[in-house]
Amino acid sequence: MSKKILEVENLRINVLDGTPLVKGVSFRVCKGRVLGIIGESGSGKTMTCKAIMQLLSKKNFDISGKIEFKNRNMLDMKEKEINKIIGKDISMIMQNPMTAFNPMFKIGNQIIETLMTHSNITKKDAYDIGVKELEKMNLDRAHEIMNSYPYSLSGGMLQRIMIAISLMLTPSVIIADEATTALDVKTQSLILSEFERIRDNDIGLIVVSHDFGVIARIADDVIVMKDGEIIENGTVYDIFDNTKDDYTKELLSARLLRKEVS
Amino acid sequence: MTKYIKKRLIGLIVVLIGITFLSFIMSNISPVDPAEAFMRRNAQTATEEQIENLREEMGLNLPIHTQYLRWLTNAMQGDFGKSLVSNKPVMEEILSKFPATLTIVGMALIIIVVLTIIIGVLCASHKDSLFDNLTKVVTILGVSIPNFWLGFMLLFLFAVSFKLVPVVGYGSIKNAILPSITLAIATSSSSIRLLRSNMLENQNKDFVTYAKARGIPKKKIIWKHIFKNAVPPMITLFGQTIGYMIAGTAIVESVFSWPGIGSYAVNAIFARDLPVINAYVLIMAFIFVICNLLADILNAALNPQMLRESGDL
Ligand SMILES: Nc1ncnc2c1ncn2[C@@H]1O[C@H](COP(=O)(O)OP(=O)(O)OP(=O)(O)O)[C@@H](O)[C@H]1O
Ligand SMILES: [Mg+2]
């Protein structure tokens, strides 16, 4: 068993009026492994990720349970401590690359901003690091990209920029929520190979998808969610070859069906 | 970009010709005869003959399009004729009145920008707080209270009751405070509400969520990511507002006896001083259209995407 980095224990998320959205979810994320989260629309996958990223406002949601990172419960931390972790130790790749960047600022500006928030470096150094990280992502003409506005780049490029940003501060956990859904099949495949490289970097990766094909390709462990609960978990082989759960079977066969049709 | 500006400038000239022509016709079909009004004011006993002579002299007997063309040719050379009241060149008089108006408009703009940014951002970042709700009430009052009433109220409170500023007067900044505030209240109210709602709309955008996920501090998210994206639509509003305000000074200047172009125009209208009225309409239309154009250009420059989408920029 490899080393655990992040542990979610009995996570519950309620809307303030009491409506439960996530009802006691537990799982762990380990170094160098990919955790796949799968489930139908509305099953609480995004909510779970947002809770980990501390993106849910206490004004709207009541969150309980444990999100343990480096042996401390992030739900008990002060905003200042949280700010040191989010974006640096735990980073996120968003679903829609086309709308994830501020349209009024160049890509370089947003990369530099991220670097300078988390480390004590000059703008010049941040720019150089940004260029290097983009090149690592197989993006040619990195200088040009740094000086481009988001609208002038394609979805696949922006998604790779986002992956570069998520990697550049050497995080221990990366969360990718439907990070390939908005992309065409070819780009999707390229991005998935980037994810495989992330795993090899000893990072714990959470990949959320409702596409079994994506999960089958890169996940090591899988949890299946329905109505805010985990109904099955195990290694990717357990789930795909020997599932005992009817719901999972249903999801699987729906996937197979789709494959036949297309 | 230059192509776009050229296109807009041609449109501008068409608008100016249209507006001045309309104003020409309007004053022509009005039942009061300016020559008669002028004579009655200047000579107690004006004969029919005297009035007829003046009419001839002013060119009022010519067909309207000839009158208009004649006026337009002169106006393009900066000659708007002489005021029927003072007998001085209109251009000279208008130029001498402008600084007073620009003073209160300028101060009003500063007040508007400062109030809008501070209150608008506070309201958006503390949505539904007591402050936000109070602001909602005050701004509703602010847009619905008529200028002249607000002006009288302010005068009464600060000049008559508290004696903080002189009732009327011109020359010092102190005198300009009340008229500027009066001019600023309505626009501030609507722009505070606009900024607030623009910011709230941006607050839920993906790029704000992503900025949070990158760990960007809250203050920076508010100012850089939310505020900056809420500003471009405001600039268009401001371009229109400056025009409205310069034109709208007429009421405020009358309330405060402020010797600017607004009260000058109001007096001209009461005196049927046609050359002044026509010059005023042209200049106001010009300012109006130019302000709009500048706002649009600034907006385009601020918004790189818009620049690209309207391909001819
Ligand atoms: N701001 C909110 N307030 C109240 N309920 C919400 C809010 N956002 C989401 N929900 C509800 O929470 C539930 C879980 O949503 P979530 O976005 O986590 O689903 P998901 O598993 O990510 O689905 P999808 O595959 O469509 O992305 C849904 O029923 C949704 O309607
Ligand atoms: Mg989701």
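The values are calculated or read from the model by the stated rules, or taken from the named source; none is laboratory data. It should be emphasised that the depicted structure is a prediction, and the values quoted were computed from it without experimental measurement. When we count neighbours, we look across all protein chains shown, and the Cβ atoms used for this are built from the backbone with ideal geometry, even at glycine. These area figures cover heavy atoms from the full protein model, side chains too; ligands, DNA and RNA do not enter into them. Shrake-Rupley method; radii C 1.70, N 1.55, O 1.52, S 1.80 Å.
Taking every Cα-Cα distance in chain A and sorting them into 10 Å bins starting at zero, the pair-distance distribution P(r) comes out as 7, 29, 35, 22, 6, 0 percent.
Note on B:V14 and B:L134: their simple-model spin labels are 5.1 nm apart, each label 7 Å out from Cα toward Cβ. Accessible area per residue for segment B:98-232 is 49 Å², calculated with a 1.4 Å probe on protein heavy atoms, without ligands, DNA or RNA. Calculated FRET efficiency, B:F158 to B:S86, Cβ-Cβ distance, R0 = 25 Å: about 0.15 to the nearest 0.05. Under 17 Å of direct C-alpha separation, and excluding same-chain neighbours fewer than eight residues apart, B:K6 reaches these aspartates and glutamates: B:D296, B:D312. Reducing segment B:18-71 and segment B:120-143 to their Cα centroids gives an inter-centroid distance of 52 Å. Between A:D202 and B:T236, the simple label model (points 7 Å from Cα in the Cβ direction) yields a spacing of 5.4 nm. Geometric descriptor of segment A:19-109, per residue, is 160 Å³ (volume of the convex hull of the Cα atoms).
Here's how it looks for A:I5: its modeled amide H is under 5 Å from those of A:V29, A:C30, A:K31, which are all 5 or more places away or on a different chain. Short-range pairs are left out: with C-alpha atoms under 8 Å and at least six residues apart, the relative contact order of segment A:134-262 is 17 percent.
Where both residues lie in the protein assembly as shown, what percent of DSSP beta bridges are antiparallel, nearest 5? Bridges in the protein assembly as shown are about 55 percent antiparallel. Close amide H partners of A:G234, meaning residues 5 or more places away or on another chain with modelled amide H under 5 Å apart, are A:V222. Applied to segment A:160-166, the Karplus parametrisation 6.51 cos²θ - 1.76 cosθ + 1.60 on θ = phi - 60° returns per-residue 3J(HN,Hα) values of 5, 4, 4, 5, 4, 5, 5 Hz, with x for Gly and Pro. The alpha carbon centroids of segment A:39-83 and segment A:158-233 are separated by 19 Å.
Build a GNM of chain B with springs between Cα atoms under 10 Å apart, and of B:S189, B:S161, B:S129 the one that fluctuates most is B:S161. Can you grab the distance from the C-alpha centre of segment B:221-236 to the C-alpha centre of segment B:181-210, Å, no decimals? Between the Cα centre of segment B:221-236 and that of segment B:181-210, the gap is 8 Å. Close amide H contacts of B:D273 (hydrogens built in the peptide plane, cut-off under 5 Å, sequence separation of 5 or more or a different chain): none are found. Checked against a 23 Å cut-off, the cross-linked pairs A:K58/A:K78; A:K226/B:K218; A:K78/A:K136; A:K70/A:K226 give Cα-Cα distances beyond that limit for A:K226/B:K218; A:K78/A:K136; A:K70/A:K226. Take every Cα-Cα pair in segment B:98-232 and report what % of them are more than 18 Å apart. The calculated P(r) of segment B:98-232 puts 61 percent of pairs beyond 18 Å. Model label points for A:K66 and B:K218, set 7 angstrom from Cα along the Cα-to-Cβ axis, are 2.8 nm apart. The alpha-carbon of A:K249 sits under 20 angstrom from the alpha-carbons of these aspartates and glutamates, leaving out residues fewer than 8 places away in its chain: A:E40, A:D211, A:D220, A:D221, A:D227, A:E229, A:E232, A:D238, A:D241, A:E260. Considering only B:F270, B:F148, B:F131, the mean-square fluctuation computed in a Gaussian network model of chain B, springs between alpha carbons under 10 angstrom, is largest for B:F270.
Look at the alpha carbon pairs under 8 Å that are at least 6 residues apart: their mean separation over the length of chain A gives a relative contact order of 27 percent.
For the protein assembly as shown, would you read off the P(r) tail past 32 Å as a percentage of all alpha carbon pairs? Across the protein assembly as shown, Cα pairs with separations above 32 Å total 61 percent. The Rg/Rh ratio for segment B:98-154 is 1.07, where Rg is the radius of gyration of the alpha carbons and Rh is the Kirkwood radius.
Output the pairs from A:K31/A:K123; A:K23/A:K84; A:K132/B:K228; A:K66/A:K88; A:K132/B:K212; A:K50/A:K84 with a Cα-Cα distance over 22 Å in this structure; if there are none, say none. The pairs that break the limit, which is 22 Å between Cα atoms, are A:K31/A:K123; A:K23/A:K84; A:K132/B:K228; A:K132/B:K212.
Carbon-plus-sulfur accessible fraction, the protein assembly as shown (probe radius 1.4 Å, protein heavy atoms only): 60%.
In summary, the aspartates and glutamates within cross-link reach of B:K82, defined as a Cα separation below 15 angstrom excluding same-chain residues under 8 places away, comprise B:E57, B:E92, B:E93, B:D273.
Roughly how many Å² of B:E57 are accessible to a 1.4 Å probe, to the nearest 10? Rounded to the nearest 10, the figure is 150 Å².
Computed with a 1.4 Å probe on the full set of protein chains, the accessible area for A:E40 sits at about 70 Å².
With N counted as the residues of segment A:84-202, its alpha-carbon radius of gyration over 2.2 N^0.38 Å works out to 0.98.
Ligands, DNA and RNA aside, A:H143 has an accessible area near 100 Å² when probed at 1.4 Å.
Applying 1/(1 + (r/R0)^6) with r as the Cβ-Cβ distance of B:L302 and B:Q50 and R0 = 51 angstrom yields a FRET efficiency of 0.30.
Dividing the convex hull volume of the alpha-carbon atoms in chain B by its residue count gives 165 Å³ per residue. As a length-normalised measure over Cα pairs under 8 Å and 6 or more apart, the relative contact order of segment B:98-232 settles at 34 percent. For B:D206, A:D89, the ranking by accessible surface with the largest value first comes to B:D206, A:D89, using a 1.4 Å probe. If R0 equals 35 Å, the separation of the Cβ atoms of B:N28 and B:I145 corresponds to a calculated FRET efficiency of about 0.45.
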